[in-house]
1. Of all residues being surrounded by 14 or more Cβ atoms within 10 Å (Cβ to Cβ) and assigned to a loop (DSSP other than H, G, I, E, B) in the range 141-156, which is nearest to the chain's Cα centre (by Cα)? Just the residue, please.
2. Go through the residues of the range 84-93 one by one and say whether even a single one is over 21 Å from Arg198 (Cβ atoms) and modelled with pLDDT under 95.
3. Might you check whether a residue that is assigned to a loop (DSSP other than H, G, I, E, B) and out of contact with any Ser or Thr (no Cβ under 8 Å at 6 or more places or on another chain) occurs anywhere in the range 119-133?
4. Checking Ala160 against (1) of a type in the set (A, V, I, L, M, F, W, C); (2) open to solvent by 30 Å² or more (accessible area, probe 1.4 Å); (3) at pLDDT 95 or above, which single condition isn't satisfied?
5. What number of residues within the range 116-140 are under 20 Å from Thr185 (Cα atoms) and open to solvent by 50 Å² or more (accessible area, probe 1.4 Å)?
6. Of the residues Arg194, Arg169, which single one is modelled with pLDDT of 95 or more and basic (Lys, Arg)?
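The values are calculated or read from the model by the stated rules, or taken from the named source; none is laboratory data. Please read all numbers here as calculations on a predicted model, not as lab measurements. Please note: Cβ atoms are built from the backbone with ideal geometry, for glycine as well, and neighbour counts cover all protein chains shown. Protein only, heavy atoms only, side chains kept; ligands, DNA and RNA dropped before computing areas. Shrake-Rupley method; radii C 1.70, N 1.55, O 1.52, S 1.80 Å.
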Amino acid sequence: MGGDCKSRRLRSGFNARGASARPQIALTKLDAACYDPPLRRLIISIVSIVPIVSIIPIVAILAVALLLAACGPPAPAPLRIRFETRVYEKALPGCLEDGKPDCATVRIEYPEFVVAPTEAVKAKLNAAVEQAMLAPFDEGIPTATSPDQFARYFFDTFDAGSGASWFLRRTFTVELATANAVIITGLEQMYTARGEPRETRTRLDLKPN
C-alpha cells in the first residue's frame, strides 16, 4: 500500500513534467489513508461535511416554501361600517320673523349608515336610529312616522302666549361602529317654558351580526 499511496501523492501534487498540478477537488477516504493520522482525520472530516453543506441551500428553500404554504393567502380585510351625519331642522312657520317674542324649533342630528356588511344590516341599523329619533318626547304623544310629523307634534303643544322660545333638540353620536357592535349615545334637550330645560340621555347597543 505504501507504494500506491506514494504514487497517488505524486499524481495529486505534480504533473508529468514535475510542475505543480491543480489540487483535486474531491477526495476519497482511500486518498485520505495515504496521509499521516492527524492530516488523515482532517481530510475525512472535510469529506464527510461537504455533502451536508451542499444540501443546505436546498433545505432552506424547502423550509421557506413550506412556511409560505402554511401561512396561506392573507386574510380578507374586515367588512366596514360607515355612516354620515344628517341634520334635520324645523321651525314653527312664521315664528322666526323679526320682532316675534317667542318661537318653537326642532333640531335632530343623527347618523345614517351608508356602508354595512349587507343591505339587511344597513337597514337594521338605520331602523334602530329612526326609532330612537322619532320616539315620543312626552307622555300622551303618539309615535311619529317621520321627522316632519315629529316636529308637528311638538309644535302642537306650543303655547304662543308663553313669551319664551321652545326648543327640542336630539343629538345621536356614534361611539363605536364595527361589524360586530355599534354603540350610539343620545342626548335630548327640551324646553317648553315650564320649569327648567330638560335633558335625557339614551344609549343604543346594536349587534349588526
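1. Step one: of the range 141-156, the residues surrounded by 14 or more Cβ atoms within 10 Å (Cβ to Cβ) are 141, 144, 147, 150-155.
Still in the list and also assigned to a loop (DSSP other than H, G, I, E, B): 141, 144.
Working: Ile141: 43, Ala144: 38 Å.
Of everything passing the filter in the range 141-156, Ala144 is nearest to the chain's Cα centre (by Cα).
2. yes
3. Scanning the range 119-133 turns up no residue that is assigned to a loop (DSSP other than H, G, I, E, B) and out of contact with any Ser or Thr (no Cβ under 8 Å at 6 or more places or on another chain).
4. (3)
5. 7
6. Result of the check over Arg194, Arg169: Arg169.
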